[in-house]
Structure formats: structure tokens, C-alpha cells
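A.B. asks: Sharing a structure below in C-alpha cells format, with a few things to ask.
The values are calculated or read from the model by the stated rules, or taken from the named source; none is laboratory data. Note that this is a predicted model, so its numbers are computed, not measured. Neighbour counts run over all protein chains shown; Cβ positions are idealised from the backbone, glycine included.
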Amino acid sequence: MANKIKLGHVHMSGCTGCLVSVADNYLGFIKILDDYADLVYSLTLADVRHIPEMDVALVEGSVCIQDHESVEEIKETRKKSKVVVALGSCASYGNITRFCRGGQHNQPQHESFLPIGNLIDVDVYIPGCPPSPELIRNVAVMAYMLLQGNADQKALADKYLKPLMALAKRGTTACFCDLMNDVINQGLCMGCGTCAASCPVRAITHEFGKPQGQRDLCIKCGSCYGACPRSFFNFDVIPEFETISEIIAGALK
Amino acid sequence: MIADPYLGKYTTCVSARSTDKEILQKAQDGGIVTTLMVYALEQGIIDGAIVAGKGDRPWQPRPFVAMSREDLLKARGTKYNISPQISLLKEATRSFGLDKVGVTGVCCQMQAVRKAQLYPINMRDVPDKIALAVGLFCMENFPYKSMQTIVEDHAGQSLSSVKKMEIGKGKFWVYTERGNVVTLPLKVTHKYEQPGCHVCLDYVSNLGDISTGSVGSPDGWSTVFIRTKVGNDVWSKAVAEGIFETKPIEEVKPGLELVTKLAKEKIDKNRKTVEERKTFGINKALQNPYT
Ligand SMILES: Cc1cc2nc3c(=O)[nH]c(=O)nc-3n(C[C@H](O)[C@H](O)[C@H](O)COP(=O)(O)OP(=O)(O)OC[C@H]3O[C@@H](n4cnc5c(N)ncnc54)[C@H](O)[C@@H]3O)c2cc1C
Ligand code: SF4
Ligand code: SF4
């Protein structure tokens, strides 16, 4: 298709789990590459050495600030991309790389890792460790509709992406504490249980219906806060779940 | 398709009751939730359902994944305190290996399910595996200790002697095994409500595939909204097979008028609360999930 968007995967310091999640869309991923996006950059999947111009850059991993090349690459990614997406929790919030103290072979001096939002402006967050294939799929379809769709599709993509863009504006740190600070202490928690389901390390349990976080287990991925229906709940999108799910499924058929 | 600003989108609304006598014995109202889930399980529409079972203390619910009729029946009846149903949403697809998940829960939990479907943040394998979501009407919920205070201090009954609790006709009802019936005016219970419920903008589980509650229908019957294609499929099959008896909602008293009135009361009041939070401090707002 002529109007395919240019999609890239930029690999900073991450475990490739995010990229595996992209690929875990199986036929959906193939469909995206067939009809909606050319994969113009991906160290793992495409034979391109240097960061090209991209419509959408999916950045996996945080940036090691002692690694000159990474720092240059993330800046170049920003300059050459229309939309920068932090793919997964390391790119969004630092996540597990926050716990690095250096000392690993063969670059023991590489010890400080920052989420990409500390070095460049980021447009969209896809939190998760790893991010779910379904959310990646949804964002990919919406990004295509935003850049190449008709007026209705653009409007839908706009309102769908808005809360994920707001997460990108909100900050570069995450913790179970976000639920304490911005949901529980704010009188918003109603004990639905979502946060516990979304936690990849099962750090959250519910006592008498309210979330308790084992803060030592928390890897700072930001999933619980993003997933909580009382962090954001957009009434112009979520109640349309039936139609929107059909649109996404239709696009990938 | 009807789209009501307070009652949400629905294709049909009826008054209904299960025809399964065993389920009805301990159901809260018309046994709609349990009967639907049993039917869906037997038809292979779901592999199991997240329900509010028994917790460690009297009347404390604990979410669990029911995979048999027997399990589903154990969850009958309303527990007026928090059961974090959605904590099992991903677990149901993992530890329990369900491909088709049924979910029961109150309005905010239906909202949580739909958010997890459209914005599956660390919710791998969840969006496409939700097979049937049955929502309850809900004016408010209570923390466990609130419910205990209401029953033990205000109604003067020990929690373990209670057979059923109910909110209806403007009162909180406590029925004990030995036949005591105590009612409390809701103005006594209001202050014990869960604070998070006061920003809740949904009364009749607008986002369920099917939603149900007692309000609007005669005692022992339930008001049922059929909302989505999925909901419509299951419901029409079940009714055709005689699983439920139904009456048009227009033919029962007090009917939709009361449902609408209560929905409006709740949502308007809570909208006001959301507004007031914007000027809670001096030039300081409280968080607003809806912007
Ligand atoms: C907190 C709460 C407030 C409610 N407020 C209203 C109201 O204002 N007006 C109204 O008309 N109806 C209200 N209901 C719904 C009503 O009490 C009945 O639950 C509903 O009519 C279903 O009855 P049934 O006979 O079909 O269900 P049953 O067949 O008896 O099954 C009950 C189902 O409810 C679920 N359940 C029980 N307790 C909880 C809980 N704490 N959290 C989540 N799920 C639970 C169980 O999983 C079970 O599957 C409320 C329910 C709850 C839990
Ligand atoms: S997801 Fe949010 S509202 Fe639900 S229990 Fe957790 S903190 Fe409370
Ligand atoms: S009132 Fe709303 S927030 Fe509170 S339990 Fe009921 S549905 Fe949830």
C-alpha cells in the first residue's frame, strides 16, 4: 500500500521482551506490516544500520547515560520521528533498569539508566513489563489511523491516544506509590482489584478490599497506575468498547 | 438500541426470574447472575467465571474463579462489602487457563473490564478472552468494617447470624437465620459508605454485556438490561430454552421509572462531587480520573 507509515523499533537498554510482545501479535503483526506500516528500522528484524526518518518510533529500553552512542541515538530518534512511543516500562519509567548499579561485564562502568523521557520529549507511553501485545496492536492501528486515516478515524485515534499521551506528559517515574498518592490518598479507590491483576510481579494484594503493595517487590513499571480505572477513565472512548474492538479487529482481519 | 444518559446503551430491558428452583433458594433477587453463568458454562460460552465467594470472615467476600455449577452456586447472594473481582482477571487466563472468561461484578468493575480490554496495560491475553460480563446495579459499597458496624452496632445482630442483607425501599434490611428482621434508614448507613463510590458515575452497570439488579421489579424478580451483541446472544438463547421467565418491564411496578430516578440521583450527586473536588483546596484540586 502506498500510504503505509514508516515504523521503527529502536533498541536502547531493554531485554527485547517488548519486541517479542510486538511479534506476539502473530498474524496481526504480519497484517500491520503488509497493509499499514513498513518496518524501516529494527536492529533485530531489519537490515538497516542507521536511524532513518520515521513516522512512528517504538523505543524499547532506557538510556545508559554513560554510553555515548545510546545518548546520540535517542536524540537522533527524536529528531527523525514524528511520533516517539515509549514501548514498555523501561523506556517509560526506567522500570527494572532503575535497580542497576553497574559492574556487569563487559561494560562495568555502565551504571546509570534513565527513561527516555529524561532525555527527549515523548509522545505516547505503552507501559507494561512486557507491554501487552494487544495494547501495542491497538496503538499501532490508532497511529496509522491518526496519520493516514479519514476524518472519523483521525478523531477516534485522537481521543483513544489522548490518555496514553497524558501518561507521557505526567512523568518518568513510577511505583506502587502512584496508587497511594494519586488514587488511594485522593479518595478515588473503590477496590476493583485491577491493580493486582496488572502487576507483573504480584506485589499487590487486597486486604479488606483495598490494595496493599509490597514495595520491596515493586519493580517500578507503572502498570498498576496506568491500568487503574481511577487513574484515567475516558467516557468518550471506553464505553464504546464494542465498536472500537470491532474496528481494531476489522483492521487486522 | 436505546442510549439513555443515565441507564446507558441497551437493546432490551425486562423483568425476569430464574426458573431454576435450587438457584432461587439462596439467590439475592431473581437469580439472574448465577443462572446466566451456569447456563453459559454448560453451553461452553464460558470456561469459568469470576464470582464473589466466601472469605475468611462472616460476610466477607473473596473473589474466586468458579468452574462448575456447584462453585457458582456458592457465590449466590449480595455481600455488601468490597470484593476485588478484577484482581483475578488475568489470573483466570493464566493459573486457571480459561480461554473464555465470565466476570461478575459491580458497575466500577465492569468499567475496569472494559478499560482492560481497550487499554490492556500489562493485561496480556485479557482483551480477547472476556466472554461474558454480567454487571450488578450498585448505589454504593461498604468497607468490611462499615458493614460490620451497620449490622452489629446499629442493627444489633451478630454478623454470623445473618442470613441475608438487602438495600431496598429506602432501607437497609438485615435478616437473621432465626427470623429477626431489622431495618435501618439509609441515613444511618450513608456515612459508612466507601468514599471511592462518591465519584462513581454509573448505577446500572452500563458497561456489562448484561446488567441486573432488584430495583424496578417486584420482590423476587430482577430488572435486566441486555446491552451488547454478546449479551443478546446468551440472553435470547437462555430465554428460548426456558431458563428464565420474563415480563416486559412496562408491565411491572415500579418499573423503569424508579430505576431512572435512582440512577439520576446517584449520578447527578456524584457529578457534583467530582465538580467540587476541582476547588477542594485553595487553588488546589483533587485528582479527577475523568479529564
Ligand atoms: C455492593 C452492591 C450494591 C448493590 N446495590 C444495588 C442497588 O442499589 N440497587 C439494585 O437494584 N441492586 C443492587 N445490587 C445488586 C443486587 O443486590 C443483586 O446482587 C443483583 O440483583 C443480583 O441478584 P441475583 O439474584 O441475580 O444474583 P445471584 O444469583 O444471587 O448472584 C449474586 C452474584 O453477585 C456477585 N456478588 C455478590 N457480592 C458481590 C460484591 N460485593 N462485589 C461483586 N460482586 C458480588 C456474586 O459474584 C454472584 O455471582 C448491589 C449489589 C452489590 C454487590
Ligand atoms: S485499580 Fe485503582 S481503584 Fe482498583 S483497587 Fe487498585 S487502586 Fe483501587
Ligand atoms: S458505587 Fe460505584 S464505585 Fe462504588 S462499588 Fe458501586 S459501582 Fe463501584
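A.B. asks: Of all residues being out of contact with any strand residue (DSSP E or B) (no Cβ under 8 Å at 6 or more places or on another chain) and within 16 Å of ligand 1 (Cβ to nearest atom) in the range A:182-200, which is farthest from B:GLU193 (Cα to Cα)? Just the residue, please.
C.D. replies: Going through the qualifying residues, I end up with A:ALA197.
A.B. asks: For the range A:4-89, which fully contained helices (runs of 4 or more DSSP H) count at least 1 residues that are touching a Lys or Arg at 6+ places or on another chain (Cβ under 9 Å) and assigned by TED's automatic domain parsing to the domain that holds A:GLU134?
C.D. replies: A:17-23, A:27-31
A.B. asks: Just need a number here: residues in the range A:88-116 that are aliphatic (A, V, I, L, M) and buried (at least 24 other Cβ atoms within 10 Å of the Cβ).
C.D. replies: 2
A.B. asks: Could you identify the single residue in B:ASN81, B:ASN122 that is within 8 Å of chain A (Cβ to nearest Cβ), at positive phi and at pLDDT 95 or above?
C.D. replies: B:ASN122
A.B. asks: Here's something else I'd like to know. I'd like to verify a number: residues in the range A:137-155 that are at the interface with chain B (Cβ under 10 Å from one of its Cβ atoms) and either over 24 Å from A:LYS75 (Cβ atoms) or assigned to a loop (DSSP other than H, G, I, E, B) (or both), how many?
C.D. replies: Qualifying residue count, the range A:137-155: 2.
A.B. asks: Shifting gears a bit: Hey, does the range B:95-106 have a residue that's hydroxyl-bearing (Ser, Thr, Tyr), within 19 Å of B:GLY231 (Cβ to Cβ) and either within 16 Å of ligand 1 (Cβ to nearest atom) or surrounded by fewer than 21 Cβ atoms within 10 Å (Cβ to Cβ) (or both)?
C.D. replies: Checked against the condition, which is being hydroxyl-bearing (Ser, Thr, Tyr), within 19 Å of B:GLY231 (Cβ to Cβ) and either within 16 Å of ligand 1 (Cβ to nearest atom) or surrounded by fewer than 21 Cβ atoms within 10 Å (Cβ to Cβ) (or both), the range B:95-106 yields at least one hit.
A.B. asks: Restrict the check to the range B:89-98 and report whether at least one residue is of a type in the set (Val, Ile, Thr) and either within 16 Å of ligand 2 (Cβ to nearest atom) or touching a residue at least 40 places away in the same chain (Cβ under 8 Å) (or both).
C.D. replies: no
A.B. asks: Something else now. Do you know which residues across the range B:89-125 are closer than 15 Å to B:CYS200 by Cβ and of a type in the set (Lys, Arg)?
C.D. replies: B:ARG114, B:LYS115
A.B. asks: Out of (1) surrounded by 20 or more Cβ atoms within 10 Å (Cβ to Cβ); (2) within 16 Å of ligand 3 (Cβ to nearest atom), the odd one out for A:LYS210 is which?
C.D. replies: (1)
A.B. asks: Might you check whether a residue that is under 21 Å from B:GLN148 (Cα atoms), within 8 Å of ligand 1 (Cβ to nearest atom) and surrounded by 22 or more Cβ atoms within 10 Å (Cβ to Cβ) occurs anywhere in the range B:8-29?
C.D. replies: No, the range B:8-29 contains no residue that is under 21 Å from B:GLN148 (Cα atoms), within 8 Å of ligand 1 (Cβ to nearest atom) and surrounded by 22 or more Cβ atoms within 10 Å (Cβ to Cβ).
A.B. asks: Of the residues B:ALA133, B:ALA112, which single one is more than 7 Å from chain A (Cβ to nearest Cβ) and touching a Ser or Thr at 6+ places or on another chain (Cβ under 9 Å)?
C.D. replies: Answer to the selection: B:ALA133.
A.B. asks: Could I ask something else about it? Would you please name the residue that is farthest from the other protein chains (Cβ to nearest Cβ), looking only at residues in the range A:194-221 that are under 15 Å from A:ILE184 (Cβ atoms), assigned to a loop (DSSP other than H, G, I, E, B) and in contact with a Pro (Cβ under 7 Å, 6 or more places away or on another chain)?
C.D. replies: A:PHE208
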